[in-house]
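Step one of this worksheet: look at the structure below.
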Amino acid sequence: MGLNLREREMVARQYLSFAQEDEFGVVSSSNPCLYTRGEGKAKKSFLVTGALKKLIAWDLQTSTEVASFSEGRETVSIVRMWLPSDPKSDSNALFAVGYDRGTIRMVEATPSDNACGFCFEERHLFSMHVSRVLDLAFSPDGTRLVSASMNGDIILWDLGNPDQPGQARLVGHTDKVHVVRFVTPTTILSGSRDRALKLWDIAVQPERCVATKATVHMSGVTAAAVFTARFTVNSKRGGKDVQTHHTRHYVLTGSETDRDLQLHRIELPASAKRARSTLDDAPERAGAIVDVMPVPCTLSSGRVVAMAVSGAGPATLLSVTREQGLDLLQLVDPKVTRRPDDARPDSELLDEAEAGLIDPAPGRRLKLETREKLNGAATTMVMRHQRATATAYLATDRNSVTRTTVHFKITKNQRLQVEEVEEDGDRRLDFEETDLDGLSRQGHRATISGVAVAPQGTLAATISARELRLWSLGDTGLGRLRGTVSFSSGKALNVAFTPDSSHVAVGFEEGHVRLVSAATLDTVWPLDDGKAHNGRVSSLVPTADGFVSGSADNSVRKWVVERRVHKGVETHGLALAWEYRVTDPVTALAVSSRGAVAIALLDGTVRIAAPVEEDGVTSLQPRLTLYGRQTTPVQAMDYSSDGDLLATGSQDRRVNLWDPRTGECLKSFNALKAVFAVCFLPGTHHVASAGGEGVLRLWDADGFTEYQRLYGHDAPVRAMTVLHTGRVVVTAGEDRSIRLWVESETPVVLDDLRLEQQALEEEEEMRKRAVGGLRAVGQFAARVRVDNISSLDASDIFQESIQQADALVASGDMDSPILLGRSPAGYVRFRWDQITPANRETVISHLPLGLATSVLQYVLDWVRAGSGVEPGLVMVLMMLQHHQEQFRLNDDTRKLLNDIQKAGRAQLARRRETVGVNVAGLRAMHAISRTRVAEKEAVGPGKRKAR
């Protein structure tokens, strides 16, 4: 029995779905928190930090990840922790997690039956910020939270009222707020890039700023530590020794550029003092921030990334983490002795004693410098008898964590002194530095521009600007770093494995192709400074016996891997097999299983060539050219396993499917942003694409259907590859993470009606984004362009007009009726004026590079004639937004742009002269008019001159 039309519409298309299996190379955040649970022998310590979208907890005893929390698609920017003051309290640890898009999640460490004894559970979600969260702080009792963001907003949250958590918005700073701290439960201190420290009294009125202090930091306040000092004044009254205790609050501030720190005293407002049961000698006033003194540091330079106070009593340390090391300063509770004849008030005595608050001796004697730049630190201080041990967990720029332990002894005058140990007859300071391998999720420090998987499928290679990293992809040790190669010079662009997986080839910006051993990580070729190309190596594609490389020097070269003997040692090298010259710089390459080579050029075309052997010499012979569909150069290409299809991706947001035998474009898929990587899944006609939107899309090339979108990356994806089995996709990009997507047994079912609904939803989304031409992004607005039918028709008409004008210029037929009595430049100007302003950006974005050169020539004619200076320069600016890289690499377009610039300046100079002459004429006419009026007034009424 046949199916009717409705039943045929409901027939399902079924695909196997992909899901993220793992991620590695993850960058840790800059502020790890030290979390301790239990007492005595059951005490365990954990390091809680952010890693991209995840909140992770590491067991410091076993160096393993024991708990994690991930929600949403945002990247963690900062983590703060609150612990109950009473260890026996039933309250659990609470973590405030700030994200780069402005949201804040409250995560609780709840008891669990797992090995670590706890798990992370989300409690609240706050989303009033519109930009990256830079700092968070809990009140001492954990009932309030204050947050600061990149746009200068400070928000006070009431954690006891989750239904209406936003209690107040503290407005006053004019730049990024990097520091917020609770001084007391009712007083908040904030520091900003605007160089100001502000004190807020939230007891009376939450939005009330009671004091503002301009600091000496030229680059603003980027780090701070708030602490309390207890002063003791010894005096004699009636022959008896009397001690008076006073408490004062201080903040130590640092910045990105200043070497020295600055110490300030915080004088609390009256409401805060009434709420505290302490003897504070500060006068009754609204509150103030007073400069005390600069505090020198032993480290000469480097941005201050973190400051913290740890320990208690005499073993209280202030740790200052700079990019290149750690400063340890002891905080001292000063003691003042009043002379019998001294009648000054205690406040004046305390002002003199403030200079002894920070003992610089440990800082001068102990300077912990690190080999790598630091992102942050978590410091703890433990005192036993007359010994103290400080442990700092330093997060380095290489995404590892180093544990540094310093041993002190407490002297008789209650000062800390670093102990010394004897080693090989020499005495050195007693401190230990250990790399925590389990915490070292070693990732790239820059955008990952290339990724490759060995043919055997057990090894992956990734590259950034100056680094090559090898990762294990086996069942054991998935994502484990196998080794790193640093390049002292050159910028790495792409990477590929040799057919036997023994070596890795790396292409560079300067034209080098280097062969690196996967076993020893040594560069085995070239042995000298010779270059494989005279321009940037834009593409490197593996073949059955070597590689094919494409370059900006307008050449494509085939390299064969061969064994060589160098100084009696057998090694590998590359030998040039053939070279093929093209007319423009190469932007991408693809090699089919049949040996055909697809070459993408800077002019937007794709050339198909096939190898031909004559007299034992192999060369490439051109077959056909693909053009007309993409308006910008192709960034990525790939052949299907059977060689029947070719997929291309470009910055015009299109994935095009071609028949490489006929040159016909079969289908164009549209992404939301530029496409940087495309790959066919081996053995299928399914295409994976990724790019500027950070989304992995899967397309069915036979059914012309997008059947899955995979979210995970937080930034554009720059590189992608597929294992030979077709079941694993590896992606990497600007967020510096490497992600594995594995095919599962779960099917994805899309019926025709669902596909239609998906298309309607996308159309509705684009329509909403285009309303009014603007969409709000934080406090800014970004223009959204939607390619509608009218804009695409205008693009085709304008391109046809340019081609007609070019043909008439070439033939010299200036009297053609096509020109409507105008010159070719005037005809193009006429067609441009007919395009509505709303469609002009789309028309320029779809303009091929070949026609763009002609348009620049016509614009030059407009500017020289003086009739089209404004529209011509506006058109040039639009073209630069879409074709800047192509213009920069093309000598003809660079010359035309220079000529347009000179002609535009000349026209503006003439206009200034014309305006000047006109103004001078107007002034002269005004003077003559005033003279005539004066003459008439001198004659007077009734006394006219005789004729």
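The values are calculated or read from the model by the stated rules, or taken from the named source; none is laboratory data. As the structure is a prediction and not an experimental result, all values here were calculated from the model. Quick reminder, even Gly has a Cβ in these numbers, built from the backbone with ideal geometry, and neighbours come from all protein chains shown. The area values use the complete protein model at the heavy-atom level, side chains included, leaving out ligands, DNA and RNA. Shrake-Rupley method; radii C 1.70, N 1.55, O 1.52, S 1.80 Å.
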Please identify the pairs in which a residue from segment 236-262 that is touching a residue at least 60 places away in the same chain (Cβ under 8 Å) has its Cβ atom under 9 Å from the Cβ atom of a residue that is exposed (fewer than 15 other Cβ atoms within 10 Å of the Cβ) and aliphatic (A, V, I, L, M), counting only partners at least 6 apart or on another chain. K236/V242; T244/L279; H246/L279
Evaluate segment 569-576: report whether one residue or more is more than 27 Å from T853 (Cα to Cα), assigned to a strand (DSSP E or B), of a type in the set (V, I, T) and at pLDDT below 90. yes
Out of (1) in contact with a Ser or Thr (Cβ under 9 Å, 6 or more places away or on another chain); (2) among the hydrophobic types (A, V, I, L, M, F, W, C); (3) assigned to a strand (DSSP E or B); (4) open to solvent by 10 Å² or more (accessible area, probe 1.4 Å), the one V226 does not meet is (1)
Within segment 135-185, of all residues that are within 22 Å of V76 (Cβ to Cβ) and among the acidic types (D, E), the one surrounded by the most Cβ atoms within 10 Å (Cβ to Cβ) is D135
Given the options A505, A532, A518, name the one that is at pLDDT 85 or above, more than 20 Å from D735 (Cα to Cα) and open to solvent by 10 Å² or more (accessible area, probe 1.4 Å). A518
Being at positive phi and open to solvent by less than 30 Å² (accessible area, probe 1.4 Å), is that true of even one residue in segment 567-582? no
Quick one: is P345 modelled with pLDDT under 80 and surrounded by fewer than 21 Cβ atoms within 10 Å (Cβ to Cβ)? no
Could you please find all residues in segment 87-99 being without any contact (Cβ under 8 Å) to a residue 40 or more places away in the chain and open to solvent by 20 Å² or more (accessible area, probe 1.4 Å)? K88, S89, D90, N92
Scan (1) at pLDDT below 90; (2) out of contact with any Pro (no Cβ under 9 Å at 6 or more places or on another chain) for the single condition L261 breaks and write down its number. (2)
Return only the number of the condition from (1) of a type in the set (A, V, I, L, M); (2) at pLDDT 90 or above; (3) under 33 Å from the mean Cα position of the chain (by Cα); (4) more than 23 Å from L493 (Cα to Cα) that L645 does not satisfy. (3)
V548 fails exactly one of (1) under 22 Å from G595 (Cβ atoms); (2) touching a Phe, Trp or Tyr at 6+ places or on another chain (Cβ under 6 Å), namely (2)
Restricting to segment 362-388, and then to whatever is surrounded by fewer than 16 Cβ atoms within 10 Å (Cβ to Cβ) and over 18 Å from V305 (Cβ atoms), can you tell me which residue is modelled with the highest pLDDT? R387
State yes or no: is V130 surrounded by 22 or more Cβ atoms within 10 Å (Cβ to Cβ), under 25 Å from the mean Cα position of the chain (by Cα) and on the phi < 0 side of the Ramachandran plot? no
In segment 800-819, the residues that are within 18 Å of Q834 (Cβ to Cβ) and either in a loop (DSSP other than H, G, I, E, B) or of a type outside the set (V, I, T) (or both): E800, S801, Q803, Q804, A805, P817, L819
Picking from T447, T476, the residue that is farther than 16 Å from F547 by Cβ, among the β-branched types (V, I, T) and either modelled with pLDDT under 80 or assigned to a strand (DSSP E or B) (or both) would be T476
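Residues are listed down the side, and each one gets a yes or a no for (1) of a type outside the set (K, R); (2) buried (at least 19 other Cβ atoms within 10 Å of the Cβ); (3) modelled with pLDDT of 75 or more:
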| residue | (1), (2), (3) |
| --- | --- |
| Q803 | yes, no, yes |
| V828 | yes, yes, yes |
| L847 | yes, yes, yes |
| H883 | yes, yes, no |
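Here is a yes/no grid of residues against (1) open to solvent by 50 Å² or more (accessible area, probe 1.4 Å); (2) of a type in the set (A, V, I, L, M); (3) at pLDDT 85 or above; (4) on the phi > 0 side of the Ramachandran plot:
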{"site": "H685", "(1), (2), (3), (4)": "no, no, yes, no"}
{"site": "R709", "(1), (2), (3), (4)": "yes, no, yes, no"}
{"site": "V728", "(1), (2), (3), (4)": "no, yes, yes, no"}
{"site": "V748", "(1), (2), (3), (4)": "no, yes, no, no"}
{"site": "L755", "(1), (2), (3), (4)": "no, yes, no, no"}
So which residues in segment 611-652 are β-branched (V, I, T) and assigned to a loop (DSSP other than H, G, I, E, B)? T631, T632
Please return the ranges of strands (runs of 3 or more DSSP E) entirely within segment 483-553 where 2 or more residues are more than 19 Å from T721 (Cβ to Cβ). 513-517, 523-525
Can you confirm whether segment 640-654 contains a residue that is open to solvent by 20 Å² or more (accessible area, probe 1.4 Å) and under 20 Å from G550 (Cβ atoms)? yes
Kindly provide the set of residues from segment 39-83 that are aliphatic (A, V, I, L, M), modelled with pLDDT of 80 or more and open to solvent by 60 Å² or more (accessible area, probe 1.4 Å), ordered by number. L83
Single match in V171, V177 (criterion: closer than 20 Å to A288 by Cα and touching a residue at least 40 places away in the same chain (Cβ under 8 Å)): V177
